[in-house]
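These notes are about the structure you will find just below.
The values are calculated or read from the model by the stated rules, or taken from the named source; none is laboratory data. Quick caveat: nothing in here was measured; it's all calculated off a predicted structure. Backbone-built Cβ (ideal geometry, glycine too); neighbour counts: all protein chains shown.
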Amino acid sequence: MMNQVLTFPQPKLYFKNSNSKTCAFDSLKFPPEKSCFHPRNRTALKRKECSVVLFSLPVSCKVVDQAEHSLTEKDAVCGRGNFTVFPHIQTLRNFPKEKLFGKVVMVRFDSMVLLQGRKGHQSPPANAFSTIKYLHEAGAKVVLVGGWRETINSRSSSEPCPSVESVAEFLSSVLELQVVPVKYVSVCMHSGVGESKRSDILLLANLFHYKGERANCSNFAKELASGVDIVVNDAFSESHKVLASTVGIASFCNAYIAGFYFEEGLHKLKKIIKTTEKPYMAIIGGGNLADKVAALHSLTSTCDGLIFVGSMAFQIMHALGVPVPMKFVELGALKEAVSIVETAKLRNIPLVVPKDFWCIKNHPLNQIEIFSAYSISEGWQPVDIGPRSLQEMIYLASKCKKIIWIGPSRFSSSKQDKGGTLELAETLGNLSSCDITFVGKIEFEELLRKSKSFSNDNFVKTAAVVWEVLKGRKLPGLLALDRAYPYQVDWSVTYGDPTRPLVVDVGSGNGLFLVGMARRRKDMNFLGLEINAKLVDRCLEDIHRLDLHNVVQTLISTSQNTGGECCRVH
C-alpha cells in the first residue's frame, strides 16, 4: 500500500541539471505497483486501494538551476531563475571596527528572539545578541529599537503587550549589560544620550504602536534616524516587510549595514535555496495553496520530489482526482493545484500525499482512529499522518541528500496528534548523510526541545521570509542595506558565454533595443543599465520569456554609500 505518488513508468528518472547533462536518478522510487488512475481524467477512483499515479508519456525538459550559482560567495548580477538573487551587502563583520568607537549606533534587533523568553524551556539563541555585545565592546553608544506584541516574561499576566521597561529588563538579563528604557522613538529626544555612561544601552519605545513604522513613513524614519551615525539591521525575520525602521531609515543614515544575526539568517536562507546536493526533497506542511502556488512551482522546478504532510495535501489529492471530503479542500484553489501537478508531470518527479490518517471525533466521546485517505467518515477530523504513510515517507526521504521541511504538519486546528510527523522528523535526524532544514517559528519548537539530533543550525524560524523568496519576490529589508564593493561577479550566471565581447547600454529604458540587438547578435553579450525599476522588471521578464542567454538589464541608483562611491548596482 503506497502513498499517492506522481511518478512515471520508466525504471529510472532522467532529468537535466544546470549543465544540461542527462543524469540517471532512480533513488526516489517506490517498488513498482499497478496503476488504475490517470490524472487527466480527474475522476474519482473506483479502486480505493490504488495508490500510484503514472504518466504514460515521458517528458524531457531542461531545468536551468540558477540558484546553484547565485548562492556561492560570489554575487550574481541578475536573477533569471525562479529565486531571488541576493545582493552583496555591507556587513558589520567587514565594517572597520575602529570607526565604531564613539559613534551612536542604532541596532534594529530581531523581535522574534523575545519570543524565546516566554518559554520556560527555551532561551534565545546564543548568537542572537552578538551584534549588540560586539558594538558595546567596540566603544559604540548602542541604541536598540524593535517592535513586539507577544508576551514575554512580563510580571503581569494580564498585560497584553510587554512594556518597554519589561523588555529592557529581559534584555539586561540576557546581555548581562545595563539596558535603559526610553519612551521615545528618537535618541535626540532623550537628553542624556550624549552624557550617558558608555556602559548604558538605550532601548527606544515599541515601534509596534506607531503607524509610521508599518506605513514606512518618511518623516517617521527621519525622526528615528536623527542623532544616529550608523544603523545596523539585525531583524532578518522582518526583511520581507517594508518598514520605516528597516527600509525607510536607509535614506537618513550615513551607513546601513547587516548585523551578525541578520547575516546568519541570510546564510541559512542561501543554504535552503542551494540545490547542489541531490536528491533534494521538499516536505510541505500547512495550507493556503492559492497564496503559495508560485513558491510551490519553484520547489517543483528545482526539487526531486515533494511530500505533503499538511492540509495542502488534500488540494493535491483533489487535483489528482482522489475522492476526499470537500470540507478539507480549499475553495477556489483547484486550478492552482492542477498547475502544480502538471509541473511535476513535466519534470517526472514524485508528489507524495498521505495514504492514511489518524482522525479524531470529539462527540460524543473523544475518539481517535485510523482512516484511509479515501474513506474518512463524516464527523471525523484528520490530525496526523497514519502509520503506512509514515513508513513510506521515511523510505522515500531516506534516499535524499538534502531535505527542506517548511510549514506546520497539522491537518486541522486541533492540537491532538499521534506523533507521526514528529517521528518522521526524528527519523530524518538520524540520517547522517542528509542535510535537513526545518522552516517555521512555532511548528518545530517541540522537536528542537525533545530531539538530540538537531541544533539551532537545522532550524529557520522565519517561514514568511522563506516563502517570499521561494515565490521569487524581493526582500525590501535586504535590498535597503548598503552594498559592499569591490566584490567578484560570477558572469557565467548571467551569460551563456562570458568571453564574448560586451556591449553596455547606459539608460536602456524598456530594453526593446537591448533585447532586439541580443536576438540578432548571438556572438556578443549585452548589458543594460537603467534607473527605473519597473522598466528593469519588464525587460527581465522579456529576457526570461525569450530564453536569451547573452543579455541582461540591471537596476542602478545614484545613492552614495559609505565608501563614497556614487553608483550602487542592485
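Side notes on the structure shown:
- Residue match in region 548-570 (condition: surrounded by 15 or more Cβ atoms within 10 Å (Cβ to Cβ), among the charged types (D, E, K, R) and modelled with pLDDT of 90 or more): no
- Of all residues in region 262-284 being basic (Lys, Arg) and in a helix (DSSP H, G or I), the one that is surrounded by the fewest Cβ atoms within 10 Å (Cβ to Cβ): Lys271
- Candidate set: region 118-153, residues that are at pLDDT below 60 and not polar (S, T, N, Q); chosen: the one surrounded by the most Cβ atoms within 10 Å (Cβ to Cβ): Ile152
- Single unsatisfied condition, Arg519 versus (1) in a loop (DSSP other than H, G, I, E, B); (2) out of contact with any Lys or Arg (no Cβ under 9 Å at 6 or more places or on another chain); (3) of a type outside the set (A, V, I, L, M); (4) surrounded by fewer than 15 Cβ atoms within 10 Å (Cβ to Cβ): (1)
- Of the listed requirements (1) in contact (Cβ under 8 Å) with a residue 12 or more places away in the chain; (2) assigned to a loop (DSSP other than H, G, I, E, B), Val503 misses just one: (2).
- All positions within region 303-328 that are small (Gly, Ala, Ser) and touching a helix residue (DSSP H, G or I) at 6+ places or on another chain (Cβ under 6 Å): Ala319
- Only one of Gly286, Gly259, Gly265, Gly248 that is at pLDDT below 95, of a type in the set (Gly, Ala, Ser) and not assigned by TED's automatic domain parsing to the domain that holds Ala313: Gly265
This table checks each residue for (1) more than 27 Å from Ala290 (Cβ to Cβ); (2) over 25 Å from the mean Cα position of the chain (by Cα); (3) not assigned by TED's automatic domain parsing to the domain that holds Glu423.
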site: Val338; (1), (2), (3): no, no, no
site: Pro350; (1), (2), (3): no, no, no
site: Val353; (1), (2), (3): no, no, no
site: Trp358; (1), (2), (3): no, yes, no
site: Lys361; (1), (2), (3): yes, yes, no
site: Gln367; (1), (2), (3): yes, yes, no
site: Trp380; (1), (2), (3): no, yes, no
site: Gly386; (1), (2), (3): no, yes, no
site: Met393; (1), (2), (3): no, no, no
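- Flag for Asn219 being buried (at least 17 other Cβ atoms within 10 Å of the Cβ) and not aliphatic (A, V, I, L, M): no
- Check on Pro498, at pLDDT below 85 and part of a loop (DSSP other than H, G, I, E, B): no
- Near pairs, Cβ below 9 angstrom, 6+ apart or cross-chain, from region 97-112 (part of a loop (DSSP other than H, G, I, E, B)) to any residue that is among the aromatic types (Phe, Trp, Tyr): Phe109/Phe129; Phe109/Tyr261; Asp110/Phe236; Asp110/Tyr261; Asp110/Phe262; Ser111/Trp148; Ser111/Phe208
- Test: Leu479 is closer than 21 Å to Phe262 by Cα, modelled with pLDDT of 85 or more, surrounded by 20 or more Cβ atoms within 10 Å (Cβ to Cβ) and not basic (Lys, Arg): no
- Residue check, Ala244 within 22 Å of Gly440 (Cα to Cα) and either of a type in the set (Phe, Trp, Tyr) or in contact with a Cys (Cβ under 9 Å, 6 or more places away or on another chain) (or both): no
- Region 400-415, subset among the charged types (D, E, K, R) and modelled with pLDDT of 90 or more, residue farthest from the chain's Cα centre (by Cα): Lys401
A quick yes/no check of all residues on (1) hydrophobic (A, V, I, L, M, F, W, C); (2) at pLDDT 90 or above:
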position: Val338; (1), (2): yes, yes
position: Asn348; (1), (2): no, yes
position: Val352; (1), (2): yes, yes
position: Lys355; (1), (2): no, yes
position: His363; (1), (2): no, no
position: Ile368; (1), (2): yes, no
position: Ala373; (1), (2): yes, no
